[in-house]
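See below for the structure under consideration.
The values are calculated or read from the model by the stated rules, or taken from the named source; none is laboratory data. For clarity, every value in this text was computed on a predicted model and none was experimentally measured. Cβ placement follows ideal geometry from the backbone for every residue including glycine, while neighbour counts extend to all protein chains displayed. Keep in mind that these areas ignore ligands, DNA and RNA; they rest on the heavy atoms of the full protein, side chains included. Shrake-Rupley method; radii C 1.70, N 1.55, O 1.52, S 1.80 Å.
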Amino acid sequence: HARYMVACDGGRSPTRSKLGIQLVGSTFVERWLIVDLVRTENRFRHTQVHCDPARPCISLPGPDNIRRYEFMLRAGEDEKIATDETFVRNLLARVGPDRDCEFRRVRVYTFHARLADRWRDGNIFLAGDAAHLTPPFAGQGMNSGLRDAHNLAWKLSEALHATTPADFLDSYEVERRPHAWEMISLALRMGQVMMPENATKAFLTRAAFRVLGLYPPARDYFAQMRYKPKPRFRKGLLWPDGRNDKVTMVGRLVPQPVIEDTSRDRSLLDRLLPDRPVVLIFDEFPDQVLSKDMIDTLTAAGAAVVGMTPEWMNPVDGAFAVYRDVSRLFSAPQMQAYLGHALLLRRDRYIAAAVPVGQVAELAQRITALGGERPLTAPLPVFATAS
Ligand SMILES: Cc1cc2nc3c(=O)[nH]c(=O)nc-3n(C[C@H](O)[C@H](O)[C@H](O)COP(=O)(O)OP(=O)(O)OC[C@H]3O[C@@H](n4cnc5c(N)ncnc54)[C@H](O)[C@@H]3O)c2cc1C
């Protein structure tokens, strides 16, 4: 008798099949041999990519000295032969010192690059691999699934607690789908680099990365995957502020600075924000810019009001708590442009709207549209485990 169901039943999702939802996207299909070792002899701390056109291979370090090797299989290669111990040990011998290590797991996986053509059927939602399948090169499959859960969980909670508009939950797919596909596309592009078609391309790729490795900013850019597209929404439960797409903060995660309260105690912003929409007043004098009536209006609509001063101003509490941005994340040009603004944060900490503090009244209706803390219409079921 559940009101909603989230089908996170994996890449072969029986729920997706039962609903007749198709997978669409790229025709990419590849088989890779995955070898997990109990204890590696390889002391290299980072991921290694062997751009060998004959047998592309990636090896990834894990905790407690484990290591994973991924070898691409050719179209005609038989799965039984590929998982044969001698075959696997010969492959390992070509890429490092791990030929004789103990195996934890040897398996062939088939990777796809596809999206479910719709992520919702009535009150059933697809999430994780059931909704999107990616090759592993960017290491983002599970991360995308976590982002799905982060996006959908608070919306379902609102839908259970309050009367939300009929299309409220549609925003889940509207917001998540483009980024899930961006991550899949990134993995495909990384795969092209990791799997050069011939010896010349392999040589050029290796040479290019050797040169880039000599220049620390370029090395860090690649090592820390700064080219990875950050999640951001252009459509969904948000109200664009008319700024250029490149600079607007609406639709992006609010920065996570270390903040300081009036007693100089420090914390991370997330830890202090309550689990409800928040109107964040980013101003040199947050305690002075809102009337009591305005604060009452915003809180009655369901938001908490919190103040934030830039790094150079000491905070003073008013009718609400005010903090100082110690780590200067709000002083970066893109954020500092919002000094003197009220930011409306959703429960998942994405910025849904931004208005000059003088126009903060405009946010009241938008807070209501995001849900917020309201009385329960019906008690939530309580699950207890037998002791
Ligand atoms: C070799 C390899 C390397 C990877 N590397 C990375 C990486 O580095 N980083 C990363 O982020 N991701 C990586 N991934 C991807 C990541 O593992 C998946 O994206 C992630 O596990 C998907 O999680 P999920 O919960 O959606 O699906 P799954 O992990 O597949 O879980 C689905 C679960 O649903 C259960 N289930 C199915 N049907 C039913 C049913 N009818 N009733 C109840 N339960 C059911 C299944 O038993 C399973 O436990 C990798 C994947 C592979 C194969």
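A few points about this structure:
- Number of the exception - A166 against (1) under 28 Å from R3 (Cα atoms); (2) aliphatic (A, V, I, L, M); (3) in contact with a Leu (Cβ under 9 Å, 6 or more places away or on another chain); (4) modelled with pLDDT under 95: (3)
The rows are residues; the columns are (1) surrounded by 14 or more Cβ atoms within 10 Å (Cβ to Cβ); (2) farther than 30 Å from E158 by Cβ.
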| site | (1), (2) |
| --- | --- |
| G20 | no, no |
| V29 | no, yes |
| T40 | yes, yes |
| H46 | no, yes |
| H50 | yes, yes |
| L73 | yes, yes |
| A82 | yes, yes |
| N90 | no, yes |
| C101 | yes, yes |
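- Selection status of D275, farther than 15 Å from D348 by Cα, open to solvent by 30 Å² or more (accessible area, probe 1.4 Å) and outside any helix (DSSP H, G or I): no
- Contacts under 6 angstrom Cβ, first residue in the range 122-141 being of a type in the set (V, I, T), partner within 6 Å of the ligand (Cβ to nearest atom), 6 or more apart: T134/G141
- Taking the conditions (1) part of a helix (DSSP H, G or I); (2) closer than 26 Å to N244 by Cβ; (3) in contact with a strand residue (DSSP E or B) (Cβ under 6 Å, 6 or more places away or on another chain); (4) of a type in the set (A, V, I, L, M, F, W, C) in turn, L298 satisfies each one other than (2).
- Residues being assigned to a helix (DSSP H, G or I) and open to solvent by 40 Å² or more (accessible area, probe 1.4 Å) - total across the range 189-215: 14
- Going through (1) touching a Gly at 6+ places or on another chain (Cβ under 7 Å); (2) open to solvent by less than 40 Å² (accessible area, probe 1.4 Å) one by one, R114 falls short only on (2).
- In the range 27-64, residue farthest from the chain's Cα centre (by Cα) [restricted to those that are under 23 Å from S185 (Cβ atoms) and away from the ligand (no atom under 16 Å from the Cβ)]: P53
- Across the range 356-387, the qualifying residues are those that are within 26 Å of the chain's Cα centre (by Cα) and open to solvent by less than 30 Å² (accessible area, probe 1.4 Å), and the one among them that is modelled with the highest pLDDT is I367.
- All of (1) in a loop (DSSP other than H, G, I, E, B); (2) more than 21 Å from the chain's Cα centre (by Cα) hold for A218 with one exception: (1).
- Within the range 114-173, restricting attention to residues that are part of a loop (DSSP other than H, G, I, E, B) and either at positive phi or of a type in the set (A, V, I, L, M, F, W, C) (or both), the residue that is nearest to the ligand (Cβ to nearest atom) is G139.
- Unmet criterion (only one of (1) modelled with pLDDT of 90 or more; (2) in a loop (DSSP other than H, G, I, E, B); (3) open to solvent by less than 40 Å² (accessible area, probe 1.4 Å); (4) more than 19 Å from M142 (Cα to Cα)) for G10: (4)
- Restricting the first member to the range 1-28 and to residues that are without any contact (Cβ under 8 Å) to a residue 60 or more places away in the chain, and the second to residues that are open to solvent by 50 Å² or more (accessible area, probe 1.4 Å) and near the ligand (Cβ under 10 Å from one of its atoms), the beta-carbon pairs closer than 9 Å and six or more apart or on different chains are R12/D129.
- Whether a residue is within 16 Å of the ligand (Cβ to nearest atom) and not β-branched (V, I, T) was assessed, and N198 does not pass this test.
- In the condition set (1) within 16 Å of the ligand (Cβ to nearest atom); (2) out of contact with any helix residue (DSSP H, G or I) (no Cβ under 7 Å at 6 or more places or on another chain), A187 is compliant with all but (2).
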